[in-house]
Amino acid sequence: IDYVSDVNAELAQMDVFGYLLSPRHFGTTENALLEAMAAEVPVIAFDQCAERYLIENNETGLLVKGKEDYGRALAYLYEHPAERCRMGRAARQRVLRDFAVERTAAQLHSIYDEVLREKRRCCDFHGALGRTPHEFFLNGLPHELRSIFTARGPAVQELPPILREQSKSSLPHFSRVFPADKQLKNWQERFCSG
């Protein structure tokens, strides 16, 4: 499915929502997963990252270890429509109970209140993030991805596709936001041209 303007209409046509992302994914704060759950569509996802905290295995969806496990889970839900519906209803209840806007806002305000009560202190952001936009970009990456940019002569295909996208803190995104940074421009020409 490409971009759609009516997500609810698409979800209404689904019996199951497959959410099989790479373990190094940058995610979308799992909005897509929560939207499917709210629409009573049980999710099958890899047992990893945030997915394992949002899906209660065998209750609100299924967590799987690999492709073969995914195939078995999909077949199981196909062959057991009542179980699929039960999981879908439970998924919706979990989203309404645990991720309602009011509850999320209250939790966020609670965290802000806690931070505001702390003693003020100076933070060395330059030491942690760097002083230039290309340093900000590098320091936001996991070490194994950072080394792609710092190594001599890496191949273009070494750069994961998500870092060549147009948004979500990708290289083109940083280059667009910080057009004066020559290193970002150089990397974009090297990794994203063509």
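For region 69-89, a residue qualifies if it is under 25 Å from Q48 (Cβ atoms), in contact (Cβ under 8 Å) with a residue 40 or more places away in the chain and either of a type in the set (A, V, I, L, M, F, W, C) or not in a helix (DSSP H, G or I) (or both), and the qualifying residues are L74, L77, M87.
Residues checked against (1) among the basic types (K, R); (2) closer than 30 Å to L141 by Cβ; (3) crowded, with 18+ Cβ neighbours inside 10 Å:
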| residue | (1), (2), (3) |
| --- | --- |
| D2 | no, yes, no |
| V16 | no, no, yes |
| L20 | no, yes, no |
| L33 | no, yes, yes |
| V95 | no, no, yes |
| V101 | no, no, no |
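The C-beta contact set for region 160-180 (first residue under 17 Å from N139 (Cα atoms) and crowded, with 16+ Cβ neighbours inside 10 Å, second residue of a type in the set (D, E) and at pLDDT 95 or above, distance under 8 angstrom, 6+ apart or interchain) comprises F174/D181; S175/D181. Residues that are acidic (D, E) and farther than 30 Å from Q13 by Cα within region 88-141 comprise D113, E114, E118, D124, E135, listed in sequence order. Can P172 be described as part of a loop (DSSP other than H, G, I, E, B) and more than 26 Å from V43 (Cα to Cα)? No: the conditions fail for P172. Would you confirm whether any residue within region 101-119 is touching a Leu at 6+ places or on another chain (Cβ under 6 Å) and either assigned to a helix (DSSP H, G or I) or modelled with pLDDT under 95 (or both)? No, because not a single residue in region 101-119 is touching a Leu at 6+ places or on another chain (Cβ under 6 Å) and either assigned to a helix (DSSP H, G or I) or modelled with pLDDT under 95 (or both). Residue check: is G140 in the same structural domain as I162 (by TED's automatic domain parsing), surrounded by 13 or more Cβ atoms within 10 Å (Cβ to Cβ) and not aliphatic (A, V, I, L, M)? Answer is yes for this residue.
The values are calculated or read from the model by the stated rules, or taken from the named source; none is laboratory data. What you are looking at is a predicted structure, and each value in this text was computed from that prediction instead of being measured. Ideal geometry is used to build each Cβ from the backbone, glycine not excepted, and the neighbour counts take in all protein chains shown.
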